[in-house]
1. Which of (1) surrounded by 15 or more Cβ atoms within 10 Å (Cβ to Cβ); (2) farther than 24 Å from G48 by Cβ; (3) among the charged types (D, E, K, R) does E207 not meet, given it meets every other one?
2. Quick test of your reading of the structure: Y244 fulfils all but one of (1) in a helix (DSSP H, G or I); (2) open to solvent by less than 20 Å² (accessible area, probe 1.4 Å); (3) among the hydroxyl-bearing types (S, T, Y). Name the failing condition by number.
3. So, of the residues in the stretch 104-151 that are touching a strand residue (DSSP E or B) at 6+ places or on another chain (Cβ under 6 Å) and among the polar types (S, T, N, Q), which turns out to be farthest from L408 (Cα to Cα)?
4. Given the residues T388, T374, T350, which is the only one that is modelled with pLDDT of 95 or more and either more than 25 Å from the chain's Cα centre (by Cα) or over 20 Å from M128 (Cα atoms) (or both)?
5. Which condition does G310 not pass, out of (1) more than 30 Å from I122 (Cβ to Cβ); (2) at pLDDT 95 or above, if it passes all the others?
6. Checking V168 against (1) under 16 Å from D258 (Cα atoms); (2) in contact with a strand residue (DSSP E or B) (Cβ under 9 Å, 6 or more places away or on another chain), which single condition isn't satisfied?
7. When you go through (1) touching a helix residue (DSSP H, G or I) at 6+ places or on another chain (Cβ under 8 Å); (2) open to solvent by 50 Å² or more (accessible area, probe 1.4 Å); (3) more than 26 Å from N147 (Cβ to Cβ); (4) not acidic (D, E) one by one for R367, which number turns out not to apply?
8. From the list V394, V303, pick out the single residue that is at pLDDT 95 or above, surrounded by fewer than 14 Cβ atoms within 10 Å (Cβ to Cβ) and β-branched (V, I, T).
Amino acid sequence: MKTSRRNFIKTMGGLALFTIVPRRALGKGFVAPSDQLAKGIIGVGGMGRGHLNYDGTRLVAICDVDKNHLAMGQSLVPEKIAEYHDFRDLILDPNVDIVHIATPPHWHGIMSVEAAKAGKDIWCEKPMTRTIGEGKKVMEAVKQYGNIFRLNTWFRFADPFYGLGTPVKPLKKLVQSGLLGWPLKVTISGYTGFNWKFFWVGKEYLEPEPIPAELDYDMWLGPAPCKPYNHHRVHQTFRGYWDYDGGGLGDMGQHYIDPVQYMLGKDETSPVKVEVDAPQQHPDAVGTWRSITYTYEDGCQIVLWGGDYGNPDTPYIAGPKGNVYKNFVCDIPGWEKKLADYPEPDTQQTDMLECIRTRQPFALNERNGFRSSTIVNMGTVALRLNRTLHFDPVQLQFVNDEAANKLLDQPMRAPWNI
């Protein structure tokens, strides 16, 4: 996009929305009592359209590389708002306080870093990033520029946890009480209430198709390798390709695993080993897997069973002194009475807008979000290489494995970089 056109669009966006005073113009963290934080959403093809409205904010801009998506997004908003084709224009819009990133994951790292550099606060869909290296750069950028960052998965602090039948808070209390013993094994499978969505597998050997007139496919690809267009690569089915995501693991992994990381008290570290049982993966299309097992240095484990694999009688949490099953059923005699004597988990900051006003970190932020994203991305690397990998949670690299470390920071197509 030419600079002159970009400046023109930004100017028109500012004129159209001149009634909104941007927060940063009044000093860092300032929001008048009668004011609303202004947000812009990048990506309104699916998830982004589901977040057009949330309390305490006003939508002032949307961005998408598909003209049809832009039209659909605009049709759902009662007033005229700014529309952008290039995400950089939205990020630089002076009316935008919060940048909500709802694109495929191969864009999350670049967009988060650029938003951080522009002084915006960030609301990012999961997974946080597609690679461990990109997640590290996001974490560093948010720290450097002092942004508030929220990763959009909430089960560590709100709502019943999918099919498990209980919120996470009582599980956290039981784990930290020590009544179950240590180390613990947490099994995430269909039997314990979770679905790994294997319908997100990719198709091998896609035939080239004409690019639709409404789609800027080159911009959609962005940093990803340039491959011929096929409709199955983009929009609702992009998760089935390694260049953009990691199948069901990429889609649901952070939803399912982040609360476990929180329960186990592992927000400051990562597993030291990941083992996979899976067919050989195609180099382009994501396939299925039977199991993925993560092991921490202290012996705690997170075990993922795909499809119908595993044992239906396996508890969600297994410990040397007791087990926990779906619907918060524990097999320790008198456990409820014993648990009542233990303290509740620490209070979490779960109001994103209050965090922006006070500059306090959100409950799921760039640091602990990076760690749970790293667990997901360790699994995708192990699947792609189809072997056990050892990981250094301090150096944030695989141990004595050059091929695995090449997947930490994957090359980006020029001119894109972080």
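The values are calculated or read from the model by the stated rules, or taken from the named source; none is laboratory data. Keep in mind that this is a model prediction, so the values were computed, not measured. Virtual Cβ from ideal backbone geometry, glycine too; neighbours counted across all protein chains shown. Side chains included, ligands, DNA and RNA excluded: accessible areas come from the protein's heavy atoms. Shrake-Rupley method; radii C 1.70, N 1.55, O 1.52, S 1.80 Å.
1. The single condition E207 does not satisfy is (1).
2. Failing condition for Y244: (1).
3. Ranking the candidates gives N147 first.
4. On the way: T374 fails: either more than 25 Å from the chain's Cα centre (by Cα) or over 20 Å from M128 (Cα atoms) (or both); T350 fails: either more than 25 Å from the chain's Cα centre (by Cα) or over 20 Å from M128 (Cα atoms) (or both).
Sole residue among the options that is modelled with pLDDT of 95 or more and either more than 25 Å from the chain's Cα centre (by Cα) or over 20 Å from M128 (Cα atoms) (or both): T388.
5. (2)
6. (2)
7. (3)
8. Details: V303 fails: surrounded by fewer than 14 Cβ atoms within 10 Å (Cβ to Cβ).
The conditions single out V394.
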